[in-house]
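Derivation of every value follows stated rules applied to the coordinates shown; laboratory data play no part. Given the structure is predicted, the values throughout are model-derived calculations rather than measurements. Reconstructed Cβ throughout: ideal geometry from the backbone, glycine too, with neighbour counts over all protein chains shown.
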């Protein structure tokens, strides 16, 4: 049963074209787009020749899925009784090797989201897109966008050049904590490195399955490097990560933490306890056995009803029709997951949501 007033923590508005971003660039970068003949080189979302990247009934005959505000209203916000939805724009600014160009595109995406989506629909909030090759530029973008209270999160990709716990990235976490912004880590890559630890796979099936490994590695890095010891108020949300892998991974990580914690003395709590207070995961995709009993058992193993956040992952095809809630979710969890947990996770929602 969908709760009225649900908070959807992962929706994906599509940039319709590079042309839509150009007005949000400085005169210099507008000239560079024209001079260099840039087209859609940084767009990674919903290629026309890959239909399974969006649900069939959410892919229009012309244009991109989730390409207009009206599409999102009629296909997602209204049907799922959504009071708030957090926009995570996957455009590809992180793929660019040029730090300056990556920052220019990230800023344009953020200004485009603010103007064309957040300003026009009071139910929407946004995530700040940053490129992470130059952390100083990323922090500058966070400081700039944080002035808009409708931005509630900083968006990073699960696969990049370094594990995200590395101290190289800590200024991003300091800025996020200072402004009450969550850190969202979304499935995706800058494609500078293979998606697996042993090289490049041959098929998309392998790549997609390997995304869980990336999230496990990032979670381990954040915990073991001491991010949550230094930034105890920071909330990290794993988006489109799946979540049924979490209990087994935490059992393994906790076992080795008990045996090797003299190596990382700043981790003064078990990984499970850190996850309970600082880490959240989005509902979709739910990669679980189809029977309700198995799903209930996995949820029991998570040892907390505060970890899961409701998401549709619109317009990706993670479920059929209106069946966004998997069979087997305890009724006591549904309200918390759809309303209470997101409010507790995203501090800035409380500033703008009554």
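Expected output is a single nm value to one decimal: the length gained when fully extending between residue 19 and residue 120, i.e. 0.36 nm times separation in residues minus the C-alpha distance. What is it?
Numbers: separation 101, 0.36 × 101 = 36.36 nm, distance 1.99 nm.
Roughly 34.4 nm would be gained on extension.
Using a simple spin-label model with pseudo-atoms 7 Å out from Cα toward Cβ, residue 161 and residue 81 lie 4.7 nm apart.
The antiparallel fraction among DSSP beta bridges confined to the chain stands at about 5%. If you take semi-axes √(5λ) of the Cα gyration tensor in Å from the coordinates, which of [x] 29, 25, 20; [y] 72, 25, 17; [z] 39, 22, 19 do you get? It is the value labelled [x].
Here the sum of -39500 (n - 2.57) over DSSP H runs of 4 or more residues, divided by the residues of the chain, equals -10000 deg cm²/dmol at 222 nm, to the nearest 500. Fully extending the segment from residue 98 to residue 291, taken as 0.36 nm per residue of separation minus the present Cα-Cα distance, adds 64.7 nm. On the beta carbon distance between residue 331 and residue 252, with R0 = 45 Å, the FRET formula returns roughly 0.90. Length gained on full extension, residue 206 to residue 340, computed as 0.36 nm times the residue gap minus the Cα-Cα distance: 44.7 nm. The mean sequence distance of close C-alpha pairs (under 8 Å, at least 6 residues apart), as a share of the length of segment 6-352, puts its relative contact order at 19 percent.
In this rough spin-label picture, where each label sits 7 Å from Cα along the Cβ direction, the residue 140-residue 68 distance is 3.7 nm.
Arrange the peptides 258-264, 241-247, 328-334, 78-84 so that the one whose residues have, on average, the most other Cβ atoms within 10 Å appears first.
Top to bottom by mean Cβ count within 10 Å: 241-247, 78-84, 328-334, 258-264.
Note on 307, 113: ascending count of other Cβ atoms within 10 Å places them as 307, 113, the fewest first. Label-to-label distance, residue 34 versus residue 320, with points set 7 angstrom from Cα along the beta-carbon direction: 5.2 nm.
Of all the options 295, 77, 308, the one that moves most in a Gaussian network model of the chain with Cα springs shorter than 10 angstrom is 295. Please list, in order, the residues from segment 225-255 whose amide nitrogen is less than 18 Å from a point placed 7 Å along the Cα→Cβ vector of residue 262. Under 18 Å, as judged by backbone N against the label point of residue 262, lie 255 of segment 225-255.
Of interest is the spacing of the C-alpha centroids, which for segment 197-219 and segment 297-354 amounts to 25 Å.
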